[in-house]
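Q: Here you go, one structure.
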Amino acid sequence: MRLDYLELCGFRGFLERQRVDFGTGFTVICGRNGVGKSTLCDAVEFALTGQIDKYLVDKAAKESLDDYVWWRGEGHPEAHFVTVGFRADDGSGFAVTRSRETGADRDAARIEAMLCVPGAKPERALQQVCRTSIIRDEWIAALSLDLTETQRFEFVRAALGAIEGPDYAAKAREALSSAEAVHNAAAQSYEEARARLTAALTDLEQIRDVALQAGDVAAVLTTLDELTPGAGPDLGARVAAARKALARRRSNLGEMGWVADEARAVAALRDTVARHGDSAGRDAAAVAEAEIAVQEARRQLQAAEARLDREQESDGLAASLAILVDHGSRIGLHDDRCPLCRAPQGAPEFEKGLASARERLAARRSAVPEARGEVAAARTRVEDAGEILKQAETVVHRLASAQAELEAREEALSAELVRRSLDGGLAYDPEALEEVVQAERSRLIDLERSILTLEASQAVERVTELEARLEALRAEADDASDRLARAHAAVRTTRTLDRTVRRTNAEIIDERLAVISPLLNELYQRLRPHSEWRSIDYGIRGDVRRFLSLRVGNGLNPQFVFSSGQRRAAGLAFLLSVHLSRPWCNWRTLMLDDPVQHIDDFRALHLVEVLSALQRSGRQIVCAVEDPSLAELLCRRLMSEPTALGRRHDLDLVPGGGASVTRSTDIAPAMVGVLRRARDLSAAS
Amino acid sequence: MDIATQSEVLLRSAGYETWTWPGGSVPVVCFENATVVGFLHVFASGESLLADWQQIQQTTLGRHAASLRSAGTKAWNVYALFLACGSEPALARRIERIEEDFSMTRKIARGDLRTVADLRRTLLPLLPVLSAPVIGGADYRARLRARLSDLPDDAVAAFLGAASASEVARILVDAP
């Protein structure tokens, strides 16, 4: 199947209706940037799939590529559609028209049926057809060297087509899911059965413990009648009433314990007060004696302080006399009179008088320090007597307080006992009160034992029931365990099945890759991206995730060692090898959109020769280029034959906007036997 | 290796008409198909190739000038091949650089040919695609049956047959 024609109107940059007839051998499309070369490739893809797969960005500013599929410039196209026509080797043809209004006139399944081999086509076959038949400038590196190794493996795997027969991989996955679901359900059933069995075992052991306490039921009932009268004949009701009474009386007993403790504390306080009451008279006498001692000490202090005042006054007079003696001595007699007393005196008499006064002053001893010592001692005695008084008063006060506290607690305890329907006098008899508490405790023990005995009598029957149930649960758990074991084994087996299918699929893919490897190498050698590294190898690794790596030279990754031009050349070799290795594809057209960007003239020439080789191997070549001289080279070098003509279309923009095919030229076949004629002529001459 | 003879074998297999031209100072094989004409020159050594290829090309083209002038567009598709055996790598690289000379002819130059495979690689630009991968049936079902021999027969039969996946799982769960 080859491309026959393309007709489009109102599509992308084409306003007017245009028809492009493709040469059976090859077609070269030439035009500068923006005149619609790529749109012709887009139109073929859009007609087949309803989408254009070349844009990395699908949406921008709330607009998508869909908003730009149809003409958006000035003017109104007469229609919006794309038609692509195909022609088979037997001359039959078919066409697909996709319009803006009605979509495609053929469904995808019918288009696939025309372009693909039934049974071997991959998933999303039409997308795979376009992706591997229309090699665009944008994708040459991106779809080859720049792919991750897993993406590259998937790309090749999809291009090589499905493995014939049913999709056993999907069936194995589904079987594994089913087996896992059965296993999960069996595991849950097993866990639930085990939980029920465990719970029953616990119940049984508890009931057995209770049953062991079974005793004389008649005696117990008598006890219950005494302790919980009026509970009725029903045993369960009597046990329930007894449990309620037990709880209530336990609470009461707890409180009685507190009351007994208080009674003992009050008795201890009472003893203390009584002991101190015997010495109360002595304590009062001690206070009176201390008060007298304080008064005596204070009196002595007053006397000592009065003496100190006198001594200090006497010392002042003596000091004044000494000053007068010194003064008189310095002045001397004045007019034979004493300067101090104006008495007429002779000098000897005056000196004698001074000497006598000095002697008396010298003989005088100050008594002030002694008086001060007495004052200090008197003050200490006052403080000591005060302290003794304070201690005596404290003893008397403490006794009074204890007496008051005792009276209050006795009164409160007595009231509490009366509130509990007991004799208030027990507040003064802790031993009697303790006997009351012990008697109540004993009754409670009897009551609890009675309850346990009654419950135990019921538990004996429950034990038999539970043992029977336990047997059933054991059987159920064993059954669940058996089901779980079989489900587990089934999951293991299904995993083996799944792995085996995947491994077998991988083997087939590996083998197919091995089959196309020589083609990849041949194309690589033809395109010669690198002058030294003349061959390229691939490697596959991974079990679940598969990786396809490309290597040149001594295990080098061309993605990282090649220039952009070399990468594109190596990428083209990869993409062309994939294109030629599609056993499932009937469409024998290779479309290249501007494949020589970034490639030097030398390698562009290699590409032209590769396209020539592909054409000679039966491919229809459609190649869009910008450079007119390259277009001429393609037209010369590709083979135009009467049965498989070549054609060239030149595109340009026309007045009024829109792209248009401005010239279409059939490429005439080259002259045949050019050198042979010369040889023949030479031989003839 | 007889380069001239082996070249003719390969070119004829690719649909070219070939013959030898005795007028050159080295063996020359002429070839032609619907789009291409060419002259294949065989040199005794890489050194003589490097020294003489221009003069020899001049001679060959000169002697065929009349034919080429009348060839129309085909005259643009003239190939000149310069081949020799056994050159050292450095010399072989220098010889290959001749290919970057685009004047008058498309040149293919090799000085280190040793085997027919080397020659086939050299002539690739003139040959159709040689590798034709045939991805045939993988006998998938038989392979799977052999790989799954450890599984119960009825489960394998169900898996490879029309039974549903859940039915396959059920058979495996119920397997003894």
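Since every read-out is calculated from the coordinates, none of them should be taken as a lab result. Everything numeric in this text was worked out from a predicted model, so none of it was measured. All Cβ positions, even for glycine, are placed from backbone atoms using ideal geometry, and neighbour counts span all protein chains on display.
Q: Whose amide H sits under 5 Å from the amide H of A:SER617, counting only residues 5 or more places off or on another chain, with H placed in the peptide plane?
A: Under 5 Å from the amide H of A:SER617 lie the amide H atoms of B:VAL129, each far enough along the sequence or on another chain.
Q: Give me the one-decimal nm value for the distance between modelled label points at A:ARG379 and A:GLN151, 7 Å along each residue's Cα-to-Cβ direction.
A: Computed distance between label sites A:ARG379 and A:GLN151 equals 10.5 nm.
Q: Helix A:430-527 versus the longest principal axis of chain A: what is the Cα-based angle in degrees, 0 to 90, to the nearest 10?
A: 30
Q: Additional query: If you take the square roots of the eigenvalues of the alpha-carbon gyration tensor of region A:523-606 and sort them as a ≥ b ≥ c, do you get rounded (a/c under 1.5), prolate (a/b over b/c) or oblate?
A: Verdict is oblate for region A:523-606.
Q: Within the protein assembly as shown, how many Lys pairs that are eight or more residues apart, or on different chains, come under 20 Å at the alpha-carbon?
A: 4
Q: A follow-up question, please. In terms of the Cα gyration tensor, with a ≥ b ≥ c the square roots of its eigenvalues, is region B:1-66 rounded because a/c is under 1.5, prolate because a/b exceeds b/c, or oblate?
A: Oblate.
Q: Let me have the relative contact order for chain A, percent, based on Cα pairs under 8 Å that are six or more residues apart. Walk me through the intermediate numbers first.
A: On the way: 905 pairs, mean separation 194.0, N = 685.
Dividing the mean separation by the residue count of chain A yields 28 percent.
Q: Sum up the charges of everything whose Cβ sits under 13 Å from the Cβ of A:ALA432, counting Lys and Arg as +1 and Asp and Glu as -1, but leave A:ALA432 out.
A: -4
Q: Now for a different question. Under a point-charge model restricted to the Cβ atoms of Lys and Arg (+1) and Asp and Glu (-1), what is the dipole moment magnitude of chain A relative to its Cα centre, in debye to the nearest 20? Let's see the in-between values first.
A: On the way: 92 positive and 107 negative charges, 943 e Å.
Here chain A has a charge dipole of around 4520 debye.
Q: Defining a contact as two alpha carbons under 8 Å apart and six or more residues distant in sequence, what relative contact order in percent does region B:37-135 show? List each step's numbers first, then the result.
A: On the way: 124 pairs, mean separation 29.9, N = 99.
Relative CO of region B:37-135 lands at 30 percent.
Q: Pairs of Cα atoms under 8 Å, at least six residues apart: use those to get the relative contact order of chain B, whole percent.
A: The normalised contact order for chain B reaches 17 percent.
Q: What does the net charge come to around A:ALA218 if you take all other residues with beta carbon closer than 15 Å to its beta carbon, with K and R at +1 and D and E at -1?
A: Numbers: positive: A:ARG238, A:ARG449; negative: A:ASP216, A:ASP225, A:GLU226, A:ASP446.
Computed value for this residue: -2.
Q: Compute the distance in nm between two label points, each set 7 Å from the Cα along the Cα-to-Cβ direction, one at A:ASP107 and one at A:ASP66.
A: 2.0
Q: I'd like the Karplus ³J(HN,Hα) series for region A:617-626: coefficients 6.51, -1.76, 1.60, θ = phi - 60°, whole numbers in Hz, and an x wherever there's a Gly or Pro.
A: Computed from phi, the couplings for region A:617-626 are 8, x, 8, 8, 9, 10, 10, 9, 9, 8 Hz.
Q: Then there is this: Considering only the other residues whose Cβ falls under 13 Å of the Cβ of A:ARG372, what net charge follows from Lys and Arg at +1 and Asp and Glu at -1?
A: Cβ neighbours under 13 Å give a net charge of -3.
Q: Any chance you could give the angle, 0 to 90 degrees and rounded to 10, that helix A:347-363 forms with the longest Cα principal axis of chain A?
A: Compared with the principal axis, the helix lies near 60 degrees.
Q: Turning to a different aspect of this structure: What are the ³J(HN,Hα) values, in whole Hz, obtained from phi via the Karplus relation 6.51 cos²θ - 1.76 cosθ + 1.60 with θ = phi - 60°, for each residue of region B:106-113 in sequence order, with x given for Gly and Pro?
A: 8, 9, 10, 10, 9, x, 10, 6
Q: How big is the C-alpha Rg of the protein assembly as shown next to the rule-of-thumb value 2.2 N^0.38 Å, as a ratio?
A: 2.19
Q: Run the dipole for region A:288-446 about the Cα centre, Lys and Arg Cβ at +1, Asp and Glu Cβ at -1, nothing else charged, and hand back the magnitude in debye, nearest 20.
A: Details: 22 positive and 32 negative charges, 314 e Å.
Roughly 1500 debye for region A:288-446.
Q: Among A:THR500, A:ALA477, A:LEU513, whose Cα projects farthest towards the positive end of the dipole of region A:469-530, with charges put on the beta-carbon of Lys, Arg (+1) and Asp, Glu (-1)?
A: Farthest towards the positive end: A:LEU513.
Q: Still on this model: Where in region A:339-369 does the amide nitrogen come within less than 16 Å of the point 7 Å from the Cα of A:ALA318, taken along Cα to Cβ?
A: Answer for this model: A:357-369.
Q: Here is a further query. Normalized C-alpha radius of gyration of region A:1-131, against 2.2 N^0.38 Å?
A: The value comes to 1.08.
Q: Whose amide H sits under 5 Å from the amide H of A:THR662, counting only residues 5 or more places off or on another chain, with H placed in the peptide plane?
A: Sorted by chain and number, the residues that satisfy this are A:ASP650, A:LEU651, A:ASP652.
Q: Residue farthest toward the positive end of the dipole of the protein assembly as shown, with Cβ of Lys/Arg at +1 and Asp/Glu at -1: which of A:VAL382, A:SER178, A:ALA267?
A: Checking the options against the dipole of the protein assembly as shown, the answer is A:SER178.
Q: Moving on. Specify whether the C-alpha gyration tensor of region A:398-507 places it in the rounded, prolate or oblate class, a ≥ b ≥ c being the square roots of the eigenvalues: rounded for a/c under 1.5, otherwise prolate if a/b is larger than b/c and oblate if not.
A: oblate
Q: Can you find, among A:GLY346, A:ALA362, A:LEU333, the residue farthest towards the positive end of the dipole of region A:324-368? Put +1 on the C-beta of Lys and Arg, -1 on that of Asp and Glu.
A: After comparing all options, I get A:ALA362.
Q: Return one number: the angle in degrees, 0 to 90 and rounded to the nearest 10, between the long axis of the Cα atoms of helix A:149-160 and the longest principal axis of the Cα atoms of chain A.
A: For helix A:149-160, the angle is close to 30 degrees.
Q: Let me ask something else about it. Measuring from a point 7 Å past the Cα of A:ARG358 along Cα-to-C-beta, which residues in region A:313-329 have an amide N at less than 19 Å?
A: Zone members listed by number: A:318-329.
Q: Related question: Which residue, B:PRO133, B:PRO22, B:PRO89, has the most motion in a Gaussian network model of chain B that connects Cα atoms within less than 10 Å?
A: B:PRO133
Q: So how strong a dipole does region B:50-176 carry about its Cα centre when Lys and Arg Cβ are +1 and Asp and Glu Cβ are -1, to the nearest 20 debye? Can you show the working numbers first?
A: Details: 17 positive and 14 negative charges, 163 e Å.
Value, rounded to 20: 780 debye.
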